Amino acid sequence: MIDGVKLNARRMENITLIDVQGFLDNSNVEGFEHRLFDLFPPAPANVVLNLDRLEYICSAGLAVLLAAQDQLHKNRGEVMLLNVPPQIEHLFRTLGFQEFFRLLRNEQEALRLFSAPGRAE
Amino acid sequence: MLYFTVSRRKENLKDIRELISQETRQAGFSENTAYLCLSAVDEMLANIFDHGLTETEESKVNIAVIFYGEEVAVSFRYRGRPFQPDQAKCEKIDLPKVIAEKHGLGLKIILTTMDRVDFHYENGENTITLYKKREAAADPTDDPSILNRLLQSPPEMVLVTPPPATDPAAGNSAAAERYLAALPLETAAAKRLLAHYLKVQEWLSTERPEEELLDAILQEISHCFGCGMAALLIADAKNKNFIIQSARCIPDEVGTRLSFRHTVSGWTYLHQQLITVPAIEEDERYLAVREERYYRGVFLSTPLTLAGQSLGVLNLCAARERPPFSDAELDSLTLWLKPLLLALRHYQNSREKQRSILDVIGVLIGALDAKDAYTAGHSERVMQYSMLIANRIGLCLEEKEAIQYASLLHDIGKIGIKESILNKGGTLSTYESLLMKNHPVIGMNILRSVGALAKVGDLIKHHHEHWDGSGYPEGRRGEQIPIGSRIIMIADSFEAMTSDRPYHKAMDKHKAVLEVQKGAGRQFDPRLVTIFMEVLDEILQRDLLVQKTELKKAF
């Protein structure tokens, strides 16, 4: 159990969906990093992080997301972000982070993307 | 303005974010901009925790949140390593490095999201200030709370200590004395007069109480005119009488009142005419006088008038050991009276000022009492206890005055705290207690706008600092805390322990005394605790007597 943040993974067709709930700051980001990577399925994998109930993410938290993207990319997978709260999305855009992640509006969009020709495994 | 100190604990980050979020949104910032602010603040603080603070026991950061109209400024002040980021380097994200070290993004966030960031390093102290403007005008229907208005008062990040007061009069008077000593002997009279002016000037520049100053001037004038008896009467035109302010040879009369009617002084005052007689007891006018029958011999009574305003009367009397007043003496009298008149005006002004300050204080306390019923009467008791301690130690008049006002007003900042928090029965949430802990700073801000009470503000700001540094808002320790604040700390704690509050019942007096003793060296200045024990009997007696009384000087 990590203080302040809760992770919950579920399987949806050929993707792993992880709900991230709470906040991510300097006090708990290390624990989050370990837990997140533990939840990753064996490669190659596509992971959707549902940030619907993420209140705050610090720079080290963003770095963990980048590291996750980097790792999955190496194995022909991808991390996508679902339901990014508007203010966090605003920060993403301010930083130019949208180039690193695809931001999804709903679960169907995620399913459609992963089952699209050329993407399916 | 919000002002608080955080110690280096990562758990504190969440509270600070919550606070920034609440405050910026309350000030009309959009959700998005509020989030950018809390994000930048969080990154800055985490960076300071990780890289700025050195491993000392004073690993603390002072944070000030100030709203200037549409802009918020968040300042971080700490002692430790300076932060001088190479802004150019932060412009592009070094992706592999960020991924490998989970580090380097924070500064990028701060510099990208904030409008401006100032880094300042001096003598081991760092001040970093983040600035951000809100993008849209605030909704005018927003109810601007008192707190909000207070927050918009001008910032005070670094307390500027005024340069030590130089006394121009002192320098001048040495030169003037040399000049006087060089004067030819025939100007002896002028010399005495000038010497008197210099003395008065010197008195005025010292912090002697005005009463003493008037006594000293009267003494000097009567001495120079060779009169053993003298009286200074201040007129109370409304009540048609005088109060004897100062006197020589008739000390019992000081403080008593004299009617305008049937007195020599009254005649002088009402006619605005100088009287001088070689033997007053032989003058037929004197026969009608019922009071003031103590004058004998050479007598002079003169009205005291400054700029067309009659202030009172001065009487000089010598029981025939001197010749009647000469014309030359009468000519010089006006010059002799000048310093007295100025001192008198000064005295009356400061009395008036004091009275109006006490009136203002009374109104402020009334406003607080109305809001927070539990503290009603608290301010006055804290003042009584504080003054019992303050009067025991060698403090100058000005300091005692500041302590009296500060002890009365120490909780005035609670005007800016929500009633729901003030009167809450249970424990406060972290955010609520952060707001509550801001009352000393709000108090200081309220008083800063009252010129005469500006010094009082500083004492109020620090009345929750603990001797061991564990208090707030700055975490000052020991003698870094103003002595007045240290006194109020003891008085306030004792009073709070011995009275009913929403969160506790009154404690037994003796148990409270033990608590104060236990706090010596931790919460309280140990030497002041000793003084507190010395005046304890008086405090316990006072406690029974203190009820609503008119506010008056207590030193």
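From B:34, B:73, B:40, which residue is in contact with a Leu (Cβ under 9 Å, 6 or more places away or on another chain), at pLDDT 85 or above and within 14 Å of chain A (Cβ to nearest Cβ)? Explain how you work it out, then say what you get.
Working: B:34 fails: in contact with a Leu (Cβ under 9 Å, 6 or more places away or on another chain); B:73 fails: within 14 Å of chain A (Cβ to nearest Cβ).
Only one candidate qualifies: B:40.
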>> I'd like the full set of residues that are farther than 24 Å from residue B:278 by Cα and either at pLDDT below 90 or in a loop (DSSP other than H, G, I, E, B) (or both), limited to segment B:311-339.
In response: B:338, B:339
> If residue A:9 satisfies every condition in (1) small (Gly, Ala, Ser); (2) exposed (fewer than 15 other Cβ atoms within 10 Å of the Cβ); (3) more than 13 Å from every other protein chain (Cβ to nearest Cβ) but one, which is the exception?
Replying inline: (2)
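Rundown of residues vs (1) at pLDDT 90 or above; (2) farther than 20 Å from residue B:398 by Cα, yes/no style:
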| site | (1), (2) |
| --- | --- |
| B:442 | yes, yes |
| B:458 | yes, no |
| B:466 | yes, yes |
| B:472 | yes, yes |
| B:485 | yes, no |
| B:538 | no, yes |
| B:541 | no, yes |
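Do any helices (runs of 4 or more DSSP H) lying entirely in segment B:160-233 carry at least 1 residues that are surrounded by fewer than 15 Cβ atoms within 10 Å (Cβ to Cβ) and modelled with pLDDT of 80 or more, and which ones are they? Step through it out loud before you land on a result.
On the way: elements: B:168-181, B:188-205, B:210-224.
Because the criterion is at least 1 residues that are surrounded by fewer than 15 Cβ atoms within 10 Å (Cβ to Cβ) and modelled with pLDDT of 80 or more, the helices (runs of 4 or more DSSP H) in segment B:160-233 that meet it are B:210-224.
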> Does segment B:1-31 hold any residues that are among the hydroxyl-bearing types (Ser, Thr, Tyr) and part of a loop (DSSP other than H, G, I, E, B), and which are they?
Replying inline: B:30
>> Considering only residues that are in contact (Cβ under 8 Å) with a residue 12 or more places away in the chain and of a type in the set (Ser, Thr, Tyr), which ones fall in segment B:110-125?
In response: B:113, B:121
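Taking helices (runs of 4 or more DSSP H) that fall entirely within segment B:359-423, which contain at least 1 residues that are aromatic (Phe, Trp, Tyr)? Don't jump to the end; show me each part of the working.
Working: elements: B:378-390, B:397-409, B:419-422.
The qualifying helices (runs of 4 or more DSSP H) are B:378-390, B:397-409.
Out of all the residues in segment B:430-438, is one or more aromatic (Phe, Trp, Tyr) and under 19 Å from residue B:386 (Cα atoms)?
Narrowing segment B:430-438 to residues aromatic (Phe, Trp, Tyr): B:431.
With the extra rule that they be under 19 Å from residue B:386 (Cα atoms), the set shrinks to none.
No, that holds for no residue.
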>> For segment B:95-128: of the residues being in a strand (DSSP E or B) and either out of contact with any His (no Cβ under 8 Å at 6 or more places or on another chain) or within 14 Å of chain A (Cβ to nearest Cβ) (or both), which is modelled with the lowest pLDDT?
In response: B:122
>> Residues that are of a type in the set (D, E, K, R) and either under 21 Å from residue B:17 (Cα atoms) or facing chain B (nearest Cβ under 10 Å) (or both): list the strands (runs of 3 or more DSSP E) wholly contained in segment A:12-104 that include at least 1 such residues.
In response: A:46-57
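Would you be able to tell me the number of residues in segment B:392-417 that are out of contact with any helix residue (DSSP H, G or I) (no Cβ under 7 Å at 6 or more places or on another chain) and in contact (Cβ under 8 Å) with a residue 60 or more places away in the chain?
Of all residues in segment B:392-417, those out of contact with any helix residue (DSSP H, G or I) (no Cβ under 7 Å at 6 or more places or on another chain) come to B:394-398, B:401.
If we keep only those that are in contact (Cβ under 8 Å) with a residue 60 or more places away in the chain as well, we get B:395-398, B:401.
Number satisfying all stated conditions: 5.
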> What pairs come up if the first residue lies in segment B:493-512 and is under 16 Å from residue B:377 (Cβ atoms) and at pLDDT 85 or above, the second is acidic (Asp, Glu) and loosely packed, with under 12 Cβ neighbours inside 10 Å, and their beta carbons are under 9 Å apart, counting only those six or more places apart or on different chains?
Replying inline: B:498/B:508
> Residue check, residue B:34 against (1) crowded, with 23+ Cβ neighbours inside 10 Å; (2) not in a helix (DSSP H, G or I), all met but one. Which one?
Replying inline: (2)
> Which members of segment B:246-264 meet the condition of being touching a helix residue (DSSP H, G or I) at 6+ places or on another chain (Cβ under 6 Å) and not aromatic (Phe, Trp, Tyr)?
Replying inline: B:246, B:247, B:248
> Given B:506, B:491, which one is surrounded by fewer than 16 Cβ atoms within 10 Å (Cβ to Cβ), touching a Ser or Thr at 6+ places or on another chain (Cβ under 7 Å) and under 26 Å from residue B:427 (Cα atoms)?
Replying inline: B:506
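The values are calculated or read from the model by the stated rules, or taken from the named source; none is laboratory data. Predicted, not measured: the structure shown is a model, and the values here were computed from it. Every residue, glycine among them, receives a Cβ derived from its backbone with ideal geometry; neighbour counts consider all protein chains shown.
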